[in-house]
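The values are calculated or read from the model by the stated rules, or taken from the named source; none is laboratory data. Treat the numbers as computed from the prediction; the structure is a model and nothing was measured. Cβ placement follows ideal geometry from the backbone for every residue including glycine, while neighbour counts extend to all protein chains displayed. When the accessible area is computed, the model is the full protein with side chains, heavy atoms only, and any ligands, DNA or RNA have been set aside. Shrake-Rupley method; radii C 1.70, N 1.55, O 1.52, S 1.80 Å.
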Amino acid sequence: MRVSRRALMLSAGTTALGTALPLRRSFAETEIKKYGLIAKPAVVNLTGDGHPDTAVWTYDGTVPGPEFRVRQGDPLRLVVSNNLGEDTTVHWHGIRLPNAMDGVPGLTQPPIRPGESFTYDFTPPDAGTFWYHPHADTLQQLGRGLAGALIVEERQSIAVDRELLWFIEDWRLDDDGRISPGFGNRMEAGMSGRVGNTVTVNGRVPDRASVKAGERVRLRIVNAALARIVSLRFEGHRPVVVAYDGQPCEPHVSEGGRLVLGPAMRADLIIDMDGKPGQSYRVIDDFYQDLAYKLVDLAYGPGKPIREHARDAPARLPTNPLPEPDLTTAERHDIALQGGMMGGIGMMSGGGMMGGMPMMGVMGDAVWTINGTSMTGDGQPNMPPLLTLRRGKSCVLLLRNETAWWHPMHLHGHSFRVTSRNGRSNPRREWRDTVLVPPRETVEVAFVANNPGNWMFHCHVTDHQMAGMMAVLGVA
Ligand code: C2O
Ligand code: CU
């Protein structure tokens, strides 16, 4: 299912019967786009014909859930009904929306109980590639399939021949196609998190993506995995990155031709299909050493190239209305990420040494800390904000990863510029809502705290989030 603005306008057009169409159309354009979304169990086929089906949790019966496409600045209403056996909420990841619409149970709204519904009303200010997922029992709900894409279209975009979405999910399946139990394994939570054994693109283990020689494609990639980081290499192609996390950036070929996306991160690529007709080119994910695999083949049809001459380099996407942080007046805060297991060394930062053995602990269920504190599970709403930022003030967070593991750190309600890495300024200064902080490295991000409310700030490796790498940042 794909809910597009075009389809809506088409149905509005058929009832209008031609008369006074211009008027009706302008009315339709300012009308609130209304959608329903039902969280419910279903059975789908992830691994292909001849392989067993998988019982999953879905939005509207499909994996991923419906792809919503709306236009920048158009108001949107989504009524989410819960047909699961447990509480849920929906978080609209990356959308700068009012706090009450952010979908964090206990913090921004009461949980949606089984059999109940909740109405989300917001107007996406930014065009780009976003996504939605639960924020209750997140490890299990996301891991069982609850996720979908939310595409906000530019009012005026750049010319391409075709647009594609690759919504990447990672599953741990047994031989019978069932989702393996054991969500929240403590050992795993202290390491890389629940990395699965089956990667799907748009709900299926992919085989080939058919392309035409000479076409220019805009490819939106969403990493909706619980824990898996991907590093994609497109053999024989030079994808140009034009946006990260929905936010336009200076068009560039990524370092070493690799696109690294941690959980929750997105990229928009422009790819000129300059391969040979009839040939196939592999897209390889080789993030984990010795575990490289082919994600998919770009399979060229036999036809002649659809254009004779190479095209100009892709243009920049139109900018989004993000407030520019002022680094000279910004308030600065250090954020130390600590805990977890140590690879081989046997020491835990923030914890201690135990006879050279790996050790975990800290407090209660927590395995990870942010500045010495841990929110676990869905979070504790009465916990005071780690920081309270003054509304309208520029703010710099220095994220210090003192652990042996990678952490994609996500802030709700805001996008930030990545201003430096390991003390060296980042020339691209791209906007993101989730930044991947490698082990033992530091990343500095800057933004204007202009969205009032209490916002989640957490690692998007879902095991890490549930096991303590989560905090609240207040903007007052
Ligand atoms: Cu996509 Cu709080 O998360
Ligand atoms: Cu993490």
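The residue of the stretch 112-135 that is farthest from ligand 1 (Cβ to nearest atom), among those that are surrounded by fewer than 24 Cβ atoms within 10 Å (Cβ to Cβ) and among the small types (Gly, Ala, Ser), is GLY115. Residues in the stretch 64-111 that are open to solvent by 10 Å² or more (accessible area, probe 1.4 Å), closer than 15 Å to TYR35 by Cβ and either over 17 Å from the mean Cα position of the chain (by Cα) or free of Cβ contacts under 8 Å to residues at least 40 places away in the same chain (or both): ARG71, PRO75, ARG77, VAL79, SER81, MET101. Of the numbered criteria (1) modelled with pLDDT under 95; (2) open to solvent by less than 40 Å² (accessible area, probe 1.4 Å); (3) among the charged types (D, E, K, R), the one ASP49 fails is (2).
Tell me, yes or no, whether the stretch 238-248 has at least one residue that is under 15 Å from ASP170 (Cβ atoms) and crowded, with 22+ Cβ neighbours inside 10 Å. Checked against the condition, which is being under 15 Å from ASP170 (Cβ atoms) and crowded, with 22+ Cβ neighbours inside 10 Å, the stretch 238-248 yields no hits at all. Taking GLY343, is it modelled with pLDDT under 95, in contact with a Phe, Trp or Tyr (Cβ under 9 Å, 6 or more places away or on another chain), surrounded by fewer than 18 Cβ atoms within 10 Å (Cβ to Cβ) and more than 26 Å from ASN451 (Cβ to Cβ)? Yes: the conditions hold for GLY343.
Rundown of residues vs (1) among the polar types (S, T, N, Q); (2) within 14 Å of ligand 1 (Cβ to nearest atom); (3) open to solvent by less than 40 Å² (accessible area, probe 1.4 Å); (4) farther than 19 Å from SER192 by Cα, yes/no style:
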residue	(1), (2), (3), (4)
PRO384	no, no, no, yes
LEU398	no, no, yes, yes
HIS412	no, yes, yes, yes
ARG421	no, no, no, yes
THR442	yes, no, yes, no
ALA449	no, no, yes, yes
ALA471	no, yes, yes, yes
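When every residue of the stretch 182-192 is checked against the conditions, none turns out to be part of a strand (DSSP E or B), under 19 Å from the mean Cα position of the chain (by Cα) and among the polar types (S, T, N, Q). Applying the criterion of at least 3 residues that are among the aromatic types (Phe, Trp, Tyr), in contact with a strand residue (DSSP E or B) (Cβ under 6 Å, 6 or more places away or on another chain) and away from ligand 2 (no atom under 16 Å from the Cβ) to the strands (runs of 3 or more DSSP E) found wholly in the stretch 207-270 leaves an empty list. Consider VAL475 carefully, then state whether it is farther than 28 Å from VAL195 by Cβ and not polar (S, T, N, Q). Yes, satisfied. Might you let me know whether the stretch 40-55 holds any residue that is outside any helix (DSSP H, G or I) and closer than 30 Å to PRO248 by Cβ? No, the conditions are met nowhere in the stretch 40-55.
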